[in-house]
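Just so you know, all these numbers are worked out from the coordinates, no wet-lab data involved. This is a predicted model, so every value here is computed, not measured. Ideal geometry is used to build each Cβ from the backbone, glycine not excepted, and the neighbour counts take in all protein chains shown.
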Amino acid sequence: GKKNKDGSSLLQESRRLLRALYESCACLTIHGEFKEVLFESKKTLKAIQDLPSAQDLIEDPQLSFFYASIVYNLCRSKEDRIRPKKESFPFSDMGEDDLNAIEEFYEKMPQQGRPAKNGEIDPGSKELAQKMRHWCVMDSSKKPGQTSVGGPSASSLVGHLGKCAAHGSVRVKQIAAFVMKFLCQEPEHRPHIVAAGGVRTLLNLVDLEDDHARDAARQALAQICIVTNPAMMQYSEQLDAVRPLQELMTHRHELLVFEAAMGLTNLLGSSDELRTRCIQGEGWTSCRDLLFSENEMVQRAGVEAMCNLCLAPEILERFAEGRCELEIKVFIAFSRSDDPAMVMASTGALAMLASCEPVAAKILEHEKLDVLFETLDEAKEPGVQHRIVSVFVNMADCEECPKPLKEKITKALKAKQKKGITSKEALGILARFSDA
């Protein structure tokens, strides 16, 4: 490249000036008041985003650190506290809930009685942070006056952040993980993050040593997987997302467990290979363990994930061999839940299983079969009617179904039809069953 009089290249000089400018911006964007002013000056905000090239961020570690720090500061509010690890007793023995309780206690104390905090800075309101996050994802790539056309546009800021995370230091990766968590909180942002390569960025961050940063990356990945059609992701990304989501399902925080299970459920409907990878990683056991959670939403997420795993030949084989008596018992029990979504999930799993004749035979033999007759009789939701009718018809069609039991099933189905079935799919199944 061209040289200055002192022999240094113009590229080196421009990057040196850029580093100095971004270091100043990183310091200023810590303050909420500055961010308020900056948000009103969109041209300046856009310039901060556009000045460095992707190559600058890849080749200059310091610049990538300052860039990531600026984005982190813009997206953070005073409510987004990243708690540092406390090594001293008693904080070292406390969990997240205990530390939250202590901080809430301090907040309720009179001002003069609160522990002193050194260097406390106000990073701004939650509303300001939300506006900044929206700009980062939705508007950072737009030219003045430009409107969105067609599908989700890729956020250039997320693309830049991905370059920082891929080539930067461990600290840059940690900052990027927190930024991605901030950006993924709003569901409408997630398609734009996927379009910008955000899934691969997160997959590069899900194994960080720092607990908080690792959890942030995994939670953001789960939130993306919940709402994203797997077909919109690279197939390698789908496969690579299975393990971190499974590991997040063992977290102590119920929200993270729930989101991980929901994200995994969406992925598992995609292909046999994904289901096999999950099963090889003890995914069936991980999902089953959620059924014993005290949180009903976590239980339901576990059932829904297991429902999609029931598509796998490996799982059907386990049921056919009689190795899943507990699971059948649990699915039948949940079919009587007061939670309509849980009833839908559990009857869906049973319908999936009963479509395999050897497994249908195992359900027929189960000691809790009478409970399913109650579910059939009381089913009101069309979706549940469809699923439970499918279960009974598949059991009745099973060669191993004793004649008295088949007659009992036929009688129960006729009684249900007379009582009233609103599901067109269920009525269609019954019509074919009657003609057979």
Item to check | segment 270-379 - Kirkwood radius from inverse mean 1/r over Cα pairs (Å) | outcome: 13.9 Å
Checklist outcome for this item: So the angle from the long Cα axis of helix 340-354 to the longest Cα principal axis of the chain, reported in degrees to the nearest 10, equals 60 degrees
Checklist entry - Taking every eigenvalue of the Cα gyration tensor of segment 171-223, multiplying by 5 and rooting it, what semi-axes result, largest first, whole Å? => result 17, 10, 9
Checklist outcome for this item: Percent relative contact order for segment 197-286, counting Cα pairs under 8 Å at least six residues apart, stands at 29 percent
Checklist outcome for this item: With only helices counted (DSSP H, runs n ≥ 4, each -39500 (n - 2.57)), the per-residue ellipticity at 222 nm for the chain, to the nearest 500, works out to -20500 deg cm²/dmol
Next on the checklist: Can you order the peptides 318-325, 240-247 by their average number of other Cβ atoms within 10 Å per residue, highest first?
Outcome noted: 240-247, 318-325
Checklist entry - If only Cα atoms are counted, what is the Rg of segment 120-273, and what is its Dmax, in Å? => result 15.3, 52
Next on the checklist: Let's test the formula: R0 of 41 Å, r as the Cβ-Cβ distance of D377 and E209. What FRET efficiency results, to the nearest 0.05?
Outcome noted: 0.15
Item to check | Reciprocal mean inverse distance between Cα atoms of the chain - Kirkwood radius, Å | outcome: 25.0 Å
Checklist entry - Just how many % of Cα pairs in segment 307-428 lie over 19 Å apart, if you round to the nearest whole percent? => result 41 percent
